[in-house]
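Down below is the structure, laid out as structure tokens.
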Amino acid sequence: MNITLSRLLQDIERYSEYGKNEHGGVTRPSFSYEDHQVRRLFIDELKEMGLQITIDGAANIWGKYKGTGKKKGSIVIGSHLDSVPNGGNYDGPLGVLMAKEIIQTIKDHNILLDHDIEIVSFTAEESNDFNLSTFGSRCFVGRLTSGMLENIRDSKGVLLSEELKKVGGGLDKFPEMKNMHNDKKAFIELHIEQGQRLENTNIPMAVINSVVGTYRSFVSVKGDPNHSGTTMMVNRRDALTAASEMILEVERYCKSKGNVVGTVGKINVIPNAANIIPGQVDFILEIRAESEEIIHEAVDSIQGVWNEVSCRRKVKVNQEVFLDQKPVILDQDMVSVLENTAREMNEPCLTLPSMAVHDAAHMASITKSVMVFVKSIGGKSHCPEEFSEPDDIEKVGNLILQGVIQLDRKISGKEISV
Ligand SMILES: [Zn+2]
């Protein structure tokens with residue numbers, strides 16, 4: 001039994017028409033007109049497939065294909081249908097439409113699994129005008145509560161609670177979401193890799209065993225603003241040249257380790273004038289790695305070098321941590337089941353951590369969760385050039401299809417026998 005690649009590719013093409021812009025990209029943020037249209041299409045198509053639809057408080061769309069009922073609860077597959085502005089056809093929709101294709105394939109073969117199989121499309125996974133990413137999954141697992149969302153408005157002053165109602169959700173429906181948790185026995189999210197680790201090794205897919213932790217801090221470097229002509233080089237306390245050394249140390253350290261990535265992506269120079277020696281530089285340091293120890297080792301080592309720079313250049317460095325998100329370990333039994341399935345299918349497959357946060361990282365707090373990545377060409381994502389080879393998509397689809405069948409057999413109660 002295999003998925004039908006042509007049908008899936010047509011679905012991806014069809015869905016990408018909603019929000020297609022003049023640059024060939026897709027602009028379909030949650031709650032937009034295009035999002036409303038694609039939701040209607042998706043729900044109609046799931047109904048046509050005979051699935052039982054539920055829209056929860058966060059307007060996540062669930063479609064259930066009933067099994068024999070011999071085992072309680074459902075194995076859930078899905079991702080998100082919203083996009084960033086001028087995004088591509090694959091980030092999100094590939095995971096949702098693959099779930100649809102897998103259920104369709106199982107139906108076409110008149111197979112009933114012991115568990116129900118469920119498809120989910122989470123609301124507002126991407127960052128949006130409400131400044132809330134992975135919104136749907138965070139609400140579903142209880143990390144965002146109705147109380148926290150009551151007064152949230154977008155930049156135009158529109159209330160999030162009103163937007164939710166328009167798509168079938170609503171803050172009043174939030175308590176019901178908790179009652180749905182017990183029914184979800186496992187969650188699998190397929191996503192494009194958004195990196196080049198698979199391309200570099202020429203392997204089409206990876207099972208994801210963890211989601212990296214993220215550390216972010218505000219860093220402020222204070223020197224002495226002064227006249228750029230009259231202040232001799234030896235007398236300067238230039239905050240920007242000091243910050244430059246500090247930022248280069250982030251790159252040097254992370255490159256030398258290989259298991260950690262560090263970025264300074266936001267920087268502000270004060271007063272930012274051609275004839276004034278920079279008196280202050282503020283920037284944001286971000287470190288990501290798959291374990292807390294690796295992150296804190298990186299922060300400590302980088303801080304050590306920064307102290308030396310600060311003494312030598314006579315600048316004051318202040319660091320304030322504002323995010324210390326722990327890595328998420330995904331379900332190791334599910335990882336093993338998928339690894340073994342790939343081996344049995346003779347498909348090369350890596351096991352990797354995810355360097356970005358996805359809905360699966362939140363779902364892991366209420367049920368056994370795992371992710372699968374498919375190779376992205378050029379590591380591109382969040383742009384119209386986003387692309388995965390049809391051959392690779394087919395392989396990863398068949399892996400998940402077989403993986404679901406294995407999981408259906410192997411999950412009993414809260415246990416998976418590997
Ligand atoms: Zn995504």
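None of the figures in this text is laboratory data; all of them are computed from the coordinates on show. The structure presented is a predicted model; accordingly, all values stated were derived computationally and were not measured. Don't worry about glycine lacking a Cβ; one is built from the backbone with ideal geometry, like all the others, and counts go over all protein chains shown.
Observations on the structure shown:
- Cα centroid of the stretch 323-351 to Cα centroid of the stretch 20-56, whole Å: 29
- For the stretch 107-212, the set of trypsin sites (Lys or Arg not before Pro) satisfying both a DSSP loop assignment and a count of at most 11 other C-beta atoms within 10 Å is given as Lys156.
- Averaging Cα coordinates gives a centre for the stretch 68-134 and one for the stretch 182-249; these two points are 30 Å apart.
- Nearest-0.05 FRET efficiency for Cys311 and Glu150, computed from C-beta distance (R0 51 Å): 0.55
- Rounded to 5, the percent of DSSP beta bridges in the chain classed as antiparallel: 70
- Once the Cα atoms are used to define both axes, helix 93-108 deviates from the longest principal axis of the chain by about 10 degrees.
- The shape of the stretch 1-138 can be summarised by an equivalent ellipsoid whose semi-axes, obtained from the alpha carbon gyration tensor, come to 26, 17, 11 Å from longest to shortest.
- Pair-distance profile P(r), taking every C-alpha pair of the stretch 213-325, with 10 angstrom steps and integer %: 15, 45, 28, 11, 2
- Backbone HN-Hα couplings from phi across the stretch 122-138 [Karplus 6.51/-1.76/1.60, Hz, Gly and Pro as x]: 7, 6, 6, 5, 7, 4, 9, 5, 8, 6, 10, 9, 6, 4, x, 6, 5
- Of the trypsin sites (Lys or Arg not before Pro) in the stretch 345-418, those whose Cβ has at most 10 other Cβ within 10 Å and which sit in DSSP loop: Lys414
- Annotation: aspartates and glutamates with alpha-carbon distance below 17 angstrom to Lys257 (same-chain offsets under eight excluded): Glu249, Glu286, Glu290, Glu292, Glu293, Glu297, Asp300.
- Estimated FRET transfer efficiency when R0 is 56 angstrom, pair His296-Ile53 (beta carbons, to 0.05): 0.80
- Put simply, the amide H of Lys20, placed in the peptide plane, has neighbours under 5 Å in Thr27, leaving out anything fewer than 5 places away on its chain.
- Of the GluC sites (Glu not before Pro) in the stretch 332-409, the ones in a loop by DSSP (not H, G, I, E or B) with at most 15 other beta carbons within 10 Å are Glu385.
- Exposure proxy order (Cβ contacts within 10 Å, fewest to most) of Ile117, Ile411, Ile377: Ile377, Ile411, Ile117
- Cα-based reach from Lys414 at 14 Å (exclusive), listing aspartates and glutamates while leaving out same-chain residues under 8 positions away: Asp183, Asp331, Asp333
- Length gained when the stretch Thr27-Arg343 is fully extended (0.36 nm per residue, less Cα-Cα span): 109.9 nm
- Neighbour-count order for Cys254, Cys311, Cys349, Cys139, fewest beta carbons within 10 angstrom listed first: Cys311, Cys254, Cys349, Cys139
- Where only DSSP H runs of four or more residues are counted, the chain gives -11500 deg cm²/dmol as its mean residue ellipticity at 222 nm, each run worth -39500 (n - 2.57).
- For the chain, the longest principal axis of the alpha carbon atoms and the long axis of helix 332-344 meet at an angle near 70°.
- Calculated on the Cα set of the chain, radius of gyration then Dmax: 23.9, 84 Å.
- Between helix 390-410 and the chain: long-axis angle, C-alpha atoms, 0 to 90°, nearest 10: 70
- In terms of distances greater than 23 angstrom between alpha carbons, the cross-link table entries Lys66/Lys100; Lys100/Lys368; Lys20/Lys165 yield Lys20/Lys165.
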